[in-house]
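The values are calculated or read from the model by the stated rules, or taken from the named source; none is laboratory data. Please read all numbers here as calculations on a predicted model, not as lab measurements. Please note: Cβ atoms are built from the backbone with ideal geometry, for glycine as well, and neighbour counts cover all protein chains shown. Heads up: the accessible areas ignore ligands, DNA and RNA and are worked out on the full protein's heavy atoms, side chains in. Shrake-Rupley method; radii C 1.70, N 1.55, O 1.52, S 1.80 Å.
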Amino acid sequence: ASSFMAGRTLTSFAWGKAADRHGRKFGVEASLLLSAALSVLFALIPMLLLALTSRFMLGLCNGNIGSIKTVITEMARGDKSKETRTMTVVVGRGDVGLRLPLQSRSQRISFRSLEAVPWLEIR
């Protein structure tokens with residue numbers, strides 16, 4: 001777990017800059033695609049050193065939380081309660097999306113799926 005967080009720490013600002021330059025949707029989708037590929041690679045590696053390296057690379061490619069948090073903050077319009085509850089829903093769904101990335105399009109995180117969160121007023 002520490003190799004993952006070390007990688008994530010090194011690239012969090014770079015992912016934020018990429019999301020600002022290319023759009024948040026691009027940042028989230030690229031991060032999820034790379035995370036899915038590296039998760040499969042991690043599952044198939046039989047050696048500990050290579051497994052730790054793949055987890056570090058997974059951390060390097062995991063930049064979706066910052067972009068998603070920014071979108072939720074904008075949508076909640078300053079209401080911390082809405083922001084907290086929505087982040088809980090999205091992070092929970094994201095975990096499923098990372099574990100089952102190839103299952104179906106309906107399980108992917110999309111910004112439109114936040115419209116189903118009843119306490120957010122999306123206009």
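Summary of values
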| read-out | value |
| --- | --- |
| Residue check, residue 42 among the aromatic types (Phe, Trp, Tyr) and at pLDDT below 90 | yes |
| Exclusive hit being of a type outside the set (S, T, N, Q), free of Cβ contacts under 8 Å to residues at least 40 places away in the same chain and either in contact with a helix residue (DSSP H, G or I) (Cβ under 7 Å, 6 or more places away or on another chain) or at positive phi (or both), set 43, 37, 76, 51 | 51 |
| When residues of the range 13-29 are limited to those that are open to solvent by less than 60 Å² (accessible area, probe 1.4 Å) and in contact with a helix residue (DSSP H, G or I) (Cβ under 8 Å, 6 or more places away or on another chain), the one farthest from residue 64 (Cα to Cα) | 18 |
| Near pairs, Cβ below 9 angstrom, 6+ apart or cross-chain, from the range 10-29 (charged (D, E, K, R)) to any residue that is open to solvent by 40 Å² or more (accessible area, probe 1.4 Å) and assigned to a helix (DSSP H, G or I) | 24/70; 24/111; 25/111 |
| Condition broken by residue 49, with the remaining ones in (1) within 11 Å of the chain's Cα centre (by Cα); (2) open to solvent by 40 Å² or more (accessible area, probe 1.4 Å) satisfied | (1) |
| Residue in the range 89-102 that is at pLDDT 80 or above, within 25 Å of residue 13 (Cα to Cα), of a type outside the set (A, V, I, L, M, F, W, C) and loosely packed, with under 12 Cβ neighbours inside 10 Å present | no |
